[in-house]
Amino acid sequence: MRVLVACEESQRVTIAFRKRGHLAFSCDIKDCSGGHPEWHIKGDVIEHLKIVEPFYYDLIIAHPPCTYLSVAGAVNFYKNNQVNRGRFEEQRKAREFFMIFYNFTGCKRICIENPRAMKTAQLPPYSQVIQPYDFGDDYSKQTLLWLKGLPYLMPTVIEFNRRSAAPSWTALNRSPAVRSKTFNGIAEAMAQQWG
C-alpha cells in the first residue's frame, strides 16, 4: 500500500507501516525525528496533496495540530476574564485545516486523529474513541478517530483493571511535542489492522 502519514514528524506510524512492507511516507513542515529522512516529505501536506494524482495514496492517516482545537487548550481562550479573540481566529484556521482532510475525496481510506475538541471548534462527529492502554501502553489519553473507508481499530490488549490504573499521559507535565507523539502500540495496531 501507498500510505501518507500527514503532520507526523515522529515517524512512528510511518515506521510501523514500513516494517510491514508498505510504501509509507511521513509529511510535516518540521524535520522528522524518527531517523528516516528518506521516508519524510518536508513541507505543507496540503500542497503535497495538490500535486499527486487522485487516489495515489491507498491510505492517509492525518494528525492535524490540535493546539487550538483541544479541550485541554480551552483555558487559553480567556485572559484576565476577557475573550482572547486571537485564539478564536487560530481555532477557525485549525478547523479549516482539519476539514480539508475530513472532506478530502482523493483517497478512499482516511483516518484523522485528534483529542476531544472544544464545542466552539464545531468538528463533525467522530467515529471512535481509543486509549493507549488498549494497545499495550500503560497510559490514558483519550484519542478520537474520524474514519472513512476503514474499520474500527480493535484493541490489542484487553485488561479490565487498566482503565483505573493507567496514569494520564497529559497530566505528567510533558512538553507539547512529546504529548503529541503517537503511542507505539497504536501505531503498530494501525499498521497491522489497516495495512
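Between a first residue in the stretch 100-120 that is within 13 Å of GLY149 (Cβ to Cβ) and in contact (Cβ under 8 Å) with a residue 12 or more places away in the chain and a second residue that is in a loop (DSSP other than H, G, I, E, B) and polar (S, T, N, Q), which pairs have beta carbons less than 9 Å apart while being 6 or more apart in sequence or on different chains?
Correct list of pairs: CYS111/SER127.
How about the stretch 98-110: which of its residues are closer than 21 Å to ALA72 by Cβ and buried (at least 17 other Cβ atoms within 10 Å of the Cβ)?
Those that are closer than 21 Å to ALA72 by Cβ and buried (at least 17 other Cβ atoms within 10 Å of the Cβ): PHE98, PHE101.
Can you name every one of the helices (runs of 4 or more DSSP H) wholly within the stretch 145-195 that holds 2 or more residues which are at pLDDT 95 or above and either out of contact with any Gly (no Cβ under 7 Å at 6 or more places or on another chain) or more than 21 Å from PHE25 (Cβ to Cβ) (or both)? Let's see the steps before the verdict.
Working: elements: 162-165, 176-179, 184-194.
Qualifying helices (runs of 4 or more DSSP H): 184-194.
Mind checking which residues of the stretch 9-59 are within 16 Å of the chain's Cα centre (by Cα), surrounded by fewer than 20 Cβ atoms within 10 Å (Cβ to Cβ) and touching a residue at least 40 places away in the same chain (Cβ under 8 Å)?
ILE46
Give the number of residues within the stretch 13-23 that are in contact with a Ser or Thr (Cβ under 7 Å, 6 or more places away or on another chain) and more than 22 Å from PHE97 (Cα to Cα).
0
The values are calculated or read from the model by the stated rules, or taken from the named source; none is laboratory data. This one's a predicted model, so the numbers in the text were calculated from it and none came from an experiment. In this analysis, Cβ positions are derived from the backbone assuming ideal geometry, glycine residues included, and neighbour counts consider all displayed protein chains.
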